[in-house]
Amino acid sequence: MIEQNKNFKNLKNFLKSPLSTHTDLHIDFTSNYINTTGTTSLGIALANCTNLSTLELNLLWNQVGANGASSLGSSLANCINLSNLTLNLSYNQIGANGAQGLSSELANCLNLSNLILDLSYNEIGHKGTSYLGSALAKYINLSNLTLDLRWNKIGAKGASGLGSGLGNCANLINLKLYLCLLNSQSPLDIYIILPLK
């Protein structure tokens, strides 16, 4: 029996659920002290959600780290039917390596058309932002993208790398981009919302 819509706020309950029956998952593990090991367990479970088409995963304020982010991306790449993904990894210290691992693995989600990705407050820097831009160029079916990179010290290099990658997203129609530029006076939040075609 296929489970259409399921909500989880506890990792143990999700791990005990009939994974292969989920098509539409809403998982909110905000401030659940999930570390790399917990993220790996979560990822293994998600990889077994073979019918999953829509996933909203909120891991705000956890301890995912770089290895956890990469592992999560690798697991999600096994969800071959995934077309809609909302992933909040804000405040998880994933750094540049985590941004690279996550974004390069998600490029293997060939059916992904709608992506909302929140990597704010993760110290990904200009390198992580450039890695992300390069990876996004490989998301062949991506048509709608919302990307939150505020408070990551991406700088001009990172913005340039991200722009280059986004410029190669052939099927991208709508883009919402949230950035924060720091100057000597005060931070400046920038919101860009573009219909691209």
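Taking the range 112-131 on its own, how many of its residues are of a type outside the set (D, E, K, R) and outside any loop (DSSP other than H, G, I, E, B)?
Within the range 112-131, the subset of a type outside the set (D, E, K, R) is 112-117, 119-122, 124-126, 128-131.
Next cut, outside any loop (DSSP other than H, G, I, E, B) only: 114-117, 125-126, 128-131.
Looking only at that region, the number is 10.
Residues that are within 11 Å of the chain's Cα centre (by Cα) and buried (at least 18 other Cβ atoms within 10 Å of the Cβ) were ranked within the range 108-122; the one that is nearest to Ala137 (Cα to Cα) is Leu115. Ala96 satisfies every condition listed in (1) in the same structural domain as Leu19 (by TED's automatic domain parsing); (2) surrounded by fewer than 24 Cβ atoms within 10 Å (Cβ to Cβ); (3) in contact with a helix residue (DSSP H, G or I) (Cβ under 9 Å, 6 or more places away or on another chain); (4) closer than 26 Å to Thr23 by Cβ except (4). Based on what the data block shows, is Glu123 out of contact with any Pro (no Cβ under 9 Å at 6 or more places or on another chain) and at positive phi? Answer is yes for this residue. Looking at the range 154-177, is at least one residue under 23 Å from His26 (Cβ atoms) and in contact with a Pro (Cβ under 6 Å, 6 or more places away or on another chain)? Yes; the residues of the range 154-177 include at least one that is under 23 Å from His26 (Cβ atoms) and in contact with a Pro (Cβ under 6 Å, 6 or more places away or on another chain).
Tell me, which strands (runs of 3 or more DSSP E) lie completely within the range 1-99 with 1 or more residues that are under 13 Å from the mean Cα position of the chain (by Cα) and at pLDDT 95 or above?
Working: elements: 3-8, 22-28, 54-58, 84-88.
So the answer is 54-58, 84-88.
The values are calculated or read from the model by the stated rules, or taken from the named source; none is laboratory data. Here the structure is a predicted model, which is why all the values come from computation and not from measurement. Cβ: placed from backbone, ideal geometry, glycine included. Neighbour counts: every protein chain shown.
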